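Here the structure is laid out as structure tokens; the discussion comes afterwards.
The values are calculated or read from the model by the stated rules, or taken from the named source; none is laboratory data. Quantities reported herein were computed from a predicted structural model and do not represent experimental measurements. FYI the Cβ positions are ideal-geometry reconstructions off the backbone, even for glycines, and counts take in every protein chain you see. Side chains are part of the model used for accessible areas, which takes the heavy atoms of the whole protein and leaves out ligands, DNA and RNA. Shrake-Rupley method; radii C 1.70, N 1.55, O 1.52, S 1.80 Å.
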Amino acid sequence: MRVFGHVVGIPEGSEFENRYTLSQYGVHRPLQAGISGSQDEGADSIVLSGGYEDDKDYGDVIIYTGHGGRSQVTGLQVADQKLTRQNLALALNCQRGTPVRVIRGYKHTSPISPKEGYRYDGLYRVDSYWQEQGLSGFVIWRFRLEKIHEQLATDTVEEPPSIYENSERIEITIQRIMRDTKLALSVKEMYNFECQVCQIRILTNAGLYAEAAHIQPLGMPHNGPDSIDNILCLCPNHHVMFDFGGFSIADDLTLIGLEGGLYKEPKHFINPRYLQYHREHFADKI
Ligand SMILES: [Zn+2]
């Protein structure tokens, strides 16, 4: 059975001599694969072992490169990666808020990797994922992992056993971080809280509700600007679809992946540069 979250009896910082002992203790089961997971359940653990030239490790934030497309002989990227199998598993973690165990190995080139063996470095959440051209020129899938600090990691919710299955489940639910700046609010007001895709307005007991969607995401590594020409006013459904590549937008504002076009107020300038960035990184296919 796949265990998500900490493995009982294995605290963060535990060290292991080799991949075999890591596997024996259930911290990372596969002996070779970097990602342990399935495309139905999500990923339970990953090992950083210096395999990918595109990986970036900032400690609490890791930009992790997906699986596939590498030559068995040279280890070099020789083909495009696809959002399938273990990569799809990590994408599910992102959508479901499932944490993934991170293990750093001695071959991983980062100042914080262990000198020898492997170290369990705790739980991370998959904050976002996208595709881009890697250093090799081939398409790679990338995952932004963010460390879950212990406060949050122990804040687990135990679900009652489901009537459909007998096994008990422990899940961690972490809300997507919403940034609502003054600019974001001004875009929502420009549309009177109406979704630019479906024109639906959501009325709550606290008034109208809409979400501000950044076209090129804020924060590292995308570094999109928090400016009006990079913000859309969307309903929660279309916001999630947009962030996870369910649709994208052509320069003439035709929707790609959905019928119709994006509604736009004449005074709202949407920068085509950011639309292009979104298409290249988040659309289903380039
Ligand atoms: Zn909508």
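Side notes on the structure shown:
- Sum of side-chain charges, ARG29 neighbourhood, beta-carbon under 12 Å (Lys, Arg +1; Asp, Glu -1): +2
- Per-residue [θ]222 nm for the chain (sum of -39500 (n - 2.57) over DSSP H runs n ≥ 4, rounded to 500): -5000 deg cm²/dmol
- Protection proxy ranking of 120-128, 198-206, by the mean of other Cβ atoms within 10 Å over each peptide's residues and highest first, is 120-128, 198-206.
- Listed peptides 57-68, 101-112, 35-46 by packing density, highest first (mean Cβ within 10 Å): 35-46, 57-68, 101-112
- Loop-located GluC sites (Glu not before Pro) across segment 72-146 with a Cβ neighbour count of 15 or fewer within 10 Å are GLU116, with loop assigned by DSSP.
- Restriction of the chymotrypsin sites (Phe, Trp or Tyr not before Pro) in segment 201-286 to DSSP coil positions whose beta-carbon has at most 11 other beta-carbons within 10 angstrom yields PHE269.
- Rounded to the nearest 10 degrees, the angle from helix 85-96 to the longest Cα principal axis of the chain is 60 degrees.
- Here the simple spin-label model places points 7 Å from the Cα toward Cβ, and for THR204 and PHE244 these points are separated by 2.0 nm.
- Accessible area per residue for the chain is 53 Å², calculated with a 1.4 Å probe on protein heavy atoms, without ligands, DNA or RNA.
- LYS115 paired with LYS56, simple spin-label distance in nm, labels 7 Å along Cα-to-beta-carbon: 3.0 nm
- Cα centroid of segment 196-269 to Cα centroid of segment 101-115, whole Å: 38 Å
- For the chain, share of DSSP beta bridges that run antiparallel, in % to the nearest 5: 90 percent
- Cα gyration tensor category, rounded, prolate or oblate, for segment 72-126 with a/c compared to 1.5: oblate
- Placed amide H near SER45: partners under 5 Å, 5+ positions off or other chain: SER36, ARG101
- Across LYS182/LYS267; LYS82/LYS115; LYS147/LYS188; LYS56/LYS147, pairs whose alpha-carbon gap is larger than 26 Å: LYS82/LYS115; LYS147/LYS188
- Share of carbon and sulfur in the accessible heavy-atom surface of the chain [1.4 Å probe, %]: 51 percent
- With a Förster radius of 22 Å applied to the C-beta separation of GLU189 and LEU255, the computed FRET efficiency comes to 0.40.
- Counting DSSP beta bridges with both ends in segment 15-147, the antiparallel % (nearest 5): 90 percent
- Within segment 1-85, trypsin sites (Lys or Arg not before Pro) in DSSP loop having at most 11 other beta-carbon neighbours inside 10 Å: none
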